[in-house]
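Every number in this text was worked out from the coordinates using simple rules, so none of it is lab data. The model shown is predicted, which means the values in this text are computed figures rather than measured ones. Every residue, glycine as well, gets a Cβ built from its backbone with ideal geometry; the counts of neighbours run over all protein chains shown.
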Amino acid sequence: MAQVSLSNIRRMYGEFTALSDVTLEIGTGEFICLLGPSGCGKTTLLRILAGLEETTAGDLFVDGTDFSKVPCHQRNIGMVFQSLALFPHLSVGENVAYGLDVRGIDKATRHKRAEELTALVGLPGLFDRPVSALSGGQRQRVAIARALAIEPVLFLMDEPFSALDAGLREHLQIEVKKLQRKLGVTTIFVTHDQNEAMSIADRIVILNNGVIEQAGTPTEVYARPQSEFVANFMGTNNVFDVEFTPGQDVMWNGISLGRPTGTMATLSGKGKLSVRPEYLRLAPVGSAGSQMVGTVEFVRLLGASIETELNVDGHTIIDTMISDRAPEFGEGDQAEVCFDLDHAWVIPS
Ligand code: ATP
């Protein structure tokens, strides 16, 4: 359990900047997800925390200790990688106890701790089984138990569930979150999957090209994106390039999106509006007074919701609605696209 302080971390590989001025405070017991597209620097940051990678510049303190001076093997960090690196010839119990063995913990204590952890991750009956005879999900649990057995100050996970099928992945996400809450261990979890990050993180740190675009709770990054990149990266979204004039309608693409109220009514000049698909609704042309009219190009059922893609003057607009009834509009139909400006978010410029 630890409080982590990263300030102005930079990592260069020759001329290439993999991380640039990364500054972040992580509270004791927090569950952080590092999220971003491939190559944005997530793994590099995790490896710096683990001591597997050096920084080019910047400071890293954990519980007030300058971690850059602590070698990797003395950092007491639990790690789970996508490739689990379990010992296939050893049993579940031996794998879980491995880190304690290396630390010279006596056999009885190791055994007891390994039994506790094996039970905690839901594998109590498999203590003596070789890991080569386990399913993918069971191996994942062994890797988690092994990382936690040493009572790490930091628990680091790098895309641990990406090789698992969707159902098992969701199940393990919930289990890991519950386990982390129970143990209170400060956790940093790398993923490129927005839904995974939203469902498990206390706070999501979104990286892009080696810089932090935004760090916030799942609600903050979803509902109040601070950049167009975050607005588009966190789930499906509609971003409109609009023109504000104080006291006048908000204009997009030559049409009115309505008269704003509150602070939006005081804005002037060009801006970007983010409107989530769940805040749009479709209506028959001429029925709702919206100037935004489009042609339905694609309709798909996503279980609980229906997603409709429309073409409005060459722009793609996405609408979602709960799927408690048949879609009102089919491909080729025309529809008015309606939304309330109160549900639109102005992306800071
Ligand atoms: P992914 O989701 O694909 O794993 P990532 O966000 O974890 O990506 P990193 O592995 O942190 O990305 O890599 C960040 C950038 O640094 C990438 O462009 C990568 O090619 C580069 N990089 C990483 N390690 C090295 C290295 N040892 N030498 C040169 N470049 C590297």
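Before moving on, here are some points about what is shown:
- The charge dipole of the range 89-214, taken about its Cα centre with unit charges on the Cβ atoms of Lys, Arg (+1), Asp and Glu (-1) only, comes to about 400 debye.
- For the pair Glu53 and Asp241, the difference between a 0.36 nm per residue extended length and the Cα-Cα distance amounts to 63.6 nm.
- Cross-link partners of Lys272 among aspartates and glutamates, defined as those whose alpha carbon lies under 12 angstrom from its own and excluding same-chain residues fewer than eight positions apart: Glu228, Asp241, Glu243.
- Here the peptides 163-170, 216-223 are ranked by packing, the mean other Cβ count within 10 Å, and the order with the highest first is 216-223, 163-170.
- Dipole size of the chain about its Cα centre, with +1 on Lys/Arg Cβ and -1 on Asp/Glu Cβ: approximately 1400 debye, rounded to the nearest 20.
- Nearest-0.05 FRET efficiency for Arg300 and Ser227, computed from C-beta distance (R0 41 Å): 0.90
- Compactness relative to 2.2 N^0.38 Å, alpha carbon Rg of the chain: 1.20
- Of Val211, Val242, Val92, the residue with the greatest mean-square motion in the GNM of the chain, using alpha carbon springs below 10 Å, is Val242.
- Residues His343 and Val293, FRET efficiency given R0 of 22 Å [Cβ-Cβ distance, rounded to 0.05]: 0.65
- The protection proxy used here, the mean number of other Cβ atoms lying within 10 Å of each residue, ranks peptides 23-29, 307-313, 285-291 as follows, highest first: 307-313, 23-29, 285-291.
- Linear extension gain, Arg259 paired with Glu151, 0.36 nm per residue minus alpha-carbon span: 33.2 nm
- Cβ-derived FRET efficiency at R0 51 Å, Asp128 paired with Met12, nearest 0.05: 0.60
- Each part gets one Cα centre, and for the range 301-346 versus the range 145-222 those centres are 31 Å apart.
- Comparing Gly137, Gly294, Val221 along the charge dipole axis of the chain, the residue lying farthest to the positive side is Gly137, per the Cβ-charge model.
- Other residues within the sphere of radius under 10 Å centred on the Cβ of Ile32, judged by their own Cβ, net out at -1 (K and R +1, D and E -1).
- Of the beta bridges in the chain, as assigned by DSSP with both residues counted there, near 75 percent are antiparallel.
- In a fully extended conformation the segment linking Ile105 and Arg281 would gain 57.2 nm over its present Cα-Cα distance, using 0.36 nm per residue.
- Of Lys42/Lys182; Lys42/Lys69; Lys69/Lys178; Lys69/Lys177; Lys42/Lys177; Lys107/Lys182, those spanning more than 28 Å from alpha-carbon to alpha-carbon: Lys69/Lys178; Lys69/Lys177
- Magnitude of the charge dipole, the range 99-153, Cβ model with Lys/Arg +1 and Asp/Glu -1, debye to 20: 100
- Debye intensity ratio in log₁₀ form over the Cα atoms of the range 286-349, taken at each q of 0.17, 0.20, 0.26 Å⁻¹: -0.65, -0.86, -1.19
- Helical mean residue ellipticity (222 nm; -39500 (n - 2.57) per DSSP H run of 4+; nearest 500) of the chain: -7500 deg cm²/dmol
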